[in-house]
1. Select the helices (runs of 4 or more DSSP H) contained entirely in region B:218-325, then report the ones holding at least 2 residues which are surrounded by fewer than 16 Cβ atoms within 10 Å (Cβ to Cβ).
2. With A:201, A:229 as the choices, which residue is in a helix (DSSP H, G or I), aliphatic (A, V, I, L, M) and within 14 Å of chain B (Cβ to nearest Cβ)?
3. If we scan region B:244-258, do we find a residue that is among the basic types (Lys, Arg) and modelled with pLDDT of 90 or more?
4. Pick out the one residue from B:57, B:101 that is surrounded by 13 or more Cβ atoms within 10 Å (Cβ to Cβ) and in a helix (DSSP H, G or I).
5. So how many residues does region B:71-91 have that are more than 21 Å from residue B:275 (Cβ to Cβ) and either part of a loop (DSSP other than H, G, I, E, B) or in the same structural domain as residue B:272 (by TED's automatic domain parsing) (or both)?
6. Take the residues of region A:142-181 that are closer than 22 Å to residue A:130 by Cα, of a type in the set (D, E, K, R) and free of Cβ contacts under 8 Å to residues at least 60 places away in the same chain: which is surrounded by the fewest Cβ atoms within 10 Å (Cβ to Cβ)?
7. Among A:107, A:112, A:120, which is the only one that is in contact with a helix residue (DSSP H, G or I) (Cβ under 9 Å, 6 or more places away or on another chain) and not hydrophobic (A, V, I, L, M, F, W, C)?
8. Kindly establish whether residue A:184 is in contact with a Pro (Cβ under 6 Å, 6 or more places away or on another chain), among the aliphatic types (A, V, I, L, M) and touching a residue at least 40 places away in the same chain (Cβ under 8 Å).
Amino acid sequence: MNETITEPPRGSDKNNRATHDLQNAPTEPTSRMDTHEAAQADVPRSIIEMKNLSSWYGSFQALNSISLNVRKNKITAFIGPSGCGKSTLLRWVNRMNDTIPTARATGSLHLGDLDLLGSGTDVVDLRRRVGIVFQKPNPFPKSIFDNVAFGPRLHMKLRRSELVDLVEWSLRKAAVWDEVKDRLNAPALGLSGGQQQRLCIARTIAVGPQVLLMDEPCSALDPGSTLAIEELMNELRDQYTIVIVTHNMQQASRCSDETAFFFEGSLIEMNDTKSIFTNPNSQKTEDYISGRFG
Amino acid sequence: MNSAVNRDRTLPQLEQQVQTLLARERRNLSWVRFRERGIFLCLVGCGLFSLLVTGSIIFVLASETAKFFQFSEVTLSNFFLSTQWTPLLGNTKSFGIWSLISGTFMVTAIAMLVALPLGLITAVYLSEYAPRRVRSTLKPILEILAGIPTVVYGFFALMTITPLLQWCYSGFNVYNAMSAGIAVGILCFPTVCSLAEDALRAVPTSLRDGAFGLGGTRFDATVKVIIPAALSGIISAFLLAITRAIGETMIVALAAGSRAQITVNPAEEAQTMTGYMVQIAGGDVSNFGIEYYSMYAVAFTLFAITLTLTMVGNYIRTKYRETYD
């Protein structure tokens, strides 16, 4: 049952794709536009579906019966004031909440056909398919190359040359290649914050995920780096489904296709981004996006 | 406290009282300055005291060692090149320090074979795997282990470990390096464990999340991210344990024997540098003879070795330290 949604990169197939992309990387952007247009034309289908998802930390209820769908190859933004549960929700999608002993959830959460809350779900495989980028850039205290090669080395048996290709591909996709190509063996902690965050994105896509979760990826970055990350997300939406948690409403309106507004653990409303920001259904949403609270 | 608050007062009433207070109360500045100066002098004094103590110990060691080398029976080449350490044999005294160094190193090596793997693995378990409840039970037990007097370890080695070893293999001498080494290893184990655990826990959680988020298992995260990130702390824990083992006295004096010899057989007696000093200081010889001064030469050698190790440790710590903001 897993096979139905595991179409992207596995084993040697992945590397073919990687090299293919490398060769095509410098081509004119129109070809990319075409594929984007084509994706738009298709009826977008949901990749993540949740129904009545509730979650607790010990006795504190963080999420209250959330039902929503995230559509494939779209950028979905979760917005809301601090403590509204948006990060908690995000962290259930790749079960990062497993690292918190008191966290538990009820309801249903599916990635394609895969039941994410099922006890039999292999989180190792899940996290390979659902990558996450954290608020604060967290490169490992290793070289730039080893950071990107970390995931592939865990999951795949690659020849050195294949690994080098995959690392270059990931760094190019994450728009950080030009800045690091001459110092791949330098420590990653020596990069600037924005570069580190793009390195973390490269590290995440190097294992071939379908979904990218971004937990306030720009809140520790300066405006220039923020812009770079937003442009990067726009580039990546052709190949990945992106869910971004953000405090920054301009960011949500700039770069997302759909927006979900959360308040005190509940989903207040979810709609395409334009509607949410021009014509919200709920008074609470309007108050929040117009800056009256939060 | 709260009962003293009169809740019916108005702000203007309070205002006047507080203004009077603020106008009246002043810190006695000359007393404050005097006190600060006193505290400063006290702190400098403590710092200087430790410097003075260290300095005078080194001075005594060096000057007494110099006296040792003035004896006609002693030559530098004998001290550094001979393989015999027989200071108590009337006519054929020989002072080859390597016999004692070999004993010390053998006991230390055996101790580290016990303490380093055991300590690191336990530290990894406590820091990365153990549930909070297990950790809060195990840590105090480890601290108890660290608090046992070393003389007890010495008896334990002689009365328990040695018979056990002899039961396994009858070739073990009553006094042997293996038994003492194992006991020193158990002694060093809590030190290694506690320092290594501190180093592991100092690695930020964000790095664990990073490894988990890429589909790493707990073992992947530990071996490929956490331990490398904590490496400088782990190495300095190891070096501290080695220093401790080299300087450990009571256990080896009781269990390792009093025959200095160059051997790699852990079933044999192996007198260590510290063991020899105990033997001399314990009164086997008359004061102020050549044997007495030989104790200082041995002490100085020991000091040089531990000082080197400490310096190497500091170097490694500063060179490989990862800083996270």
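The values are calculated or read from the model by the stated rules, or taken from the named source; none is laboratory data. Given the structure is predicted, the values throughout are model-derived calculations rather than measurements. Every residue, glycine among them, receives a Cβ derived from its backbone with ideal geometry; neighbour counts consider all protein chains shown.
1. Of the helices (runs of 4 or more DSSP H) lying wholly inside region B:218-325, those with at least 2 residues that are surrounded by fewer than 16 Cβ atoms within 10 Å (Cβ to Cβ) span B:290-320.
2. A:201
3. Yes, there is a match, as at least one residue in region B:244-258 is among the basic types (Lys, Arg) and modelled with pLDDT of 90 or more.
4. B:101
5. The number of residues fulfilling the criteria is 6.
6. A:157
7. A:112
8. no
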